[in-house]
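Beneath this line is the structure, given in structure tokens, with notes to follow.
What follows draws every value from the coordinates through simple rules; no lab data is involved. All values reported here derive from a predicted model rather than from experimental measurement. Neighbour counts are summed over all protein chains in view; Cβ atoms, including those assigned to glycine, are modelled from backbone coordinates with ideal geometry.
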Amino acid sequence: MSQEEIIEQLQAENAQLKKEKAQAYAEKAQTEALNRQLQEHVEDLSKRLHEKTQEATEKAELVIEKQRLDSLIEELSMQVHELLGRLAKDSSNSSKPPSTDGYAKKTRSEARRRVGRNQEGKQVIQAAHGAW
């Protein structure tokens, strides 16, 4: 092989290496661009995951609070029911003495019923004794 052939062969190899180098730089630039896109996507997904985790935590706290409030409502409803039952009792429908009835006046219908019963009883007694 002559010196000129060697130089020619080396120049051809040099040209080939320059092409490969240019191609490698182009691939490197593409890889870096893709890497940046992937990093941005990972950051976005990380933010979304954080938001969803926070939402899930808040929902779980709300569910617990709702259960607590439902339980409290049930307890208070039972207390109201018991207190209304106590309030409705007086000497006519329980074993309480009349002195615990309070100062509230009887309704007209209650007063009429009592008067009616008393008059019926009075008439029966009078009739039995011949007062009429």
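Some observations on this one:
- Taking Cβ atoms as reference points and 12 Å as the exclusive limit, the residues near L76 contribute a net charge of -4, counting Lys and Arg as +1 and Asp and Glu as -1.
- Total formal charge among the other residues, if their Cβ is under 12 angstrom from that of E20, Lys/Arg +1 and Asp/Glu -1: +1
- Taking other C-beta atoms within 10 Å as the exposure proxy, Y25, Y103 rank Y103, Y25 from fewest upward.
- Full extension of the chain segment joining Q11 with Y25 gains 3.0 nm, where the gain is 0.36 nm per residue of separation less the Cα-Cα distance.
- Proximal charge balance of V63 [Cβ under 15 Å; K/R count +1, D/E count -1]: -2
- The E65 and R36 beta-carbon pair, evaluated with R₀ = 25 Å, returns a calculated FRET efficiency of approximately 0.05.
- For region 3-92, alpha-carbon Rg over 2.2 N^0.38 Å: 3.17
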